[in-house]
1. Just the number, please: carbon plus sulfur as a percent of the accessible area of the chain, 1.4 Å probe, no ligands or DNA/RNA counted.
2. Identify all lysines with a Cα-Cα distance to Lys164 below 27 Å; exclude those on the same chain that are fewer than 8 residues away in sequence.
3. Counting only helical runs of four or more DSSP H residues, what would the 222 nm mean residue ellipticity of the chain come to if each run contributes -39,500 (n - 2.57) and the total is spread over all its residues?
4. 5 Å is the cut-off here: which amide hydrogens, built 1.01 Å from N in the peptide plane, fall below it relative to Val376, excluding neighbours closer than 5 in sequence?
5. Would you mind getting the accessible area per residue of the chain, heavy atoms of the protein chains only, 1.4 Å probe, in Å²?
6. Describe numerically, in nm with one decimal, the distance between label points set 7 Å from Cα along Cα→Cβ at Glu86 and at Ala286.
7. Can you tell me how much longer the chain between Ala238 and Ala126 gets when fully stretched, taken as 0.36 nm per residue apart minus their C-alpha distance, in nm with one decimal?
8. So what are the ³J(HN,Hα) numbers for the range 373-380, from phi and the Karplus equation (6.51, -1.76, 1.60; θ = phi - 60°), rounded to whole Hz, Gly and Pro as x?
Amino acid sequence: MVVVAAAVALVATGGVVVAVRAEASRLVNQADARHTGGDCQDSAAALEELGPLHRLVAGDVVDSSVQGRRACEVLLDATSTDGDLELDGLDDYLAHRGARWAHAGVVRADLLFTSSASSGNGSWDAPGRDPEGAVEQLAETLAAYPEESASVRDAMSTYVGRFKKEWYIEPTVYPGPAGYIEPVDEESLASEACAARDEYLWLHDGGWTEPELAEPIASTDDRGDDLLAGCAQARQAAGKLAAARSLYGEYLETYADAPGAKSVRKVHDELVESIRHQRMRDRAMANADHPADGSNLDACADARCQVRVTSGTLVPIGGPGGPYELLVWVHDKSVTAQLGGYIRSFSSNGGSISSGDGYATWSGGPGGELVLNDKVGTGVDGVRGDRATLSVWRAD
């Protein structure tokens, strides 16, 4: 009887051991599954159910959960109070040997595509933004976890969507001999067009072969021309005219057959003329104390002259659309000119214009310009005391 009782006790004890080990394995596997799904809160909760008996009977099983538990603690520490993951903590998690959450790499890439402080589309220079690191992370994730293929593709597709906006704003071109192009409002321009283009060029030069990366990139192949034109337009709006001219020229060489080429060519040609004109005006203003034609007003007969004038001077101007006359007064470091002749239209880059029944008067200081009939321009090069220097040129 004693032998039988001992045997029964042994069997009972063995049954308890088996049951405890089975329960420990279930809890550890459950924790691992939750961890693999990115739910470290519930993973930790499962491991909390492991007690002293589990550790006594199934210590090896419990020990196998230690690295995963520690990695989960790192991931939980990386989560802010509003539930967002922070980049530094996520980096620590991915470096931990107990990390189980395959999708963490995709989450990290999303943060690097935008910024460490924002889950939305941040600016192109947002702190923590690292698109190169993001794409490398996606490639590494894809190699280690092929099952993340769809999420890698989604992350890449969302990222390249940043390039799929209209970067170039086609300016308004008014009809007429001069073909006046209205400058684009600077506030309507994408000021980050050049940064976007630099990133676009880097991206398309990357040589990634994985379909999950290469195919979303290829979907933006048609954005290069628009980004280039947008960058040129932004440079022009910022006053970097030489850089803008170079970029417009690159566009016309590379995308001569693009739908926007006609508009870009108009803007390019006007910009080239504007740069040429500004250089001419800069030279004239630098030479204001020594005008090319002195006080010889007859030099203006062909609408090409630089002369010195005083109050009461009548300047006769020939040239296209003329003749014209300017009756000049010099005062307060500016010039006032009453306009005469057959004048259908006039425009100025500044100063003031007043007109009434049969008369028109323009006032402007050094650098001021007046264009008559879109044909002939005159500008104030300098004012010294009661004398001023004027230039006249053909504007057609």
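1. 51
2. Partners found: Lys240, Lys262, Lys266.
3. Details: 14 runs with 186 residues, N = 396.
Dividing the helical sum by the residues of the chain leaves -15000 deg cm²/dmol.
4. Ala395
5. Counting only protein heavy atoms, the per-residue value for the chain is 52 Å².
6. 5.6
7. Stretched fully, the Ala238-Ala126 segment lengthens by 38.2 nm.
8. 6, 6, 10, 10, x, 9, x, 8
The values are calculated or read from the model by the stated rules, or taken from the named source; none is laboratory data. Worth saying up front: this structure is predicted, and the values here are computed from it rather than measured. So basically every Cβ, Gly included, is an ideal-geometry build from the backbone, and we count neighbours across all protein chains shown. We work out accessible area using only protein heavy atoms, side chains counted, and drop any ligands, DNA or RNA first. Shrake-Rupley method; radii C 1.70, N 1.55, O 1.52, S 1.80 Å.
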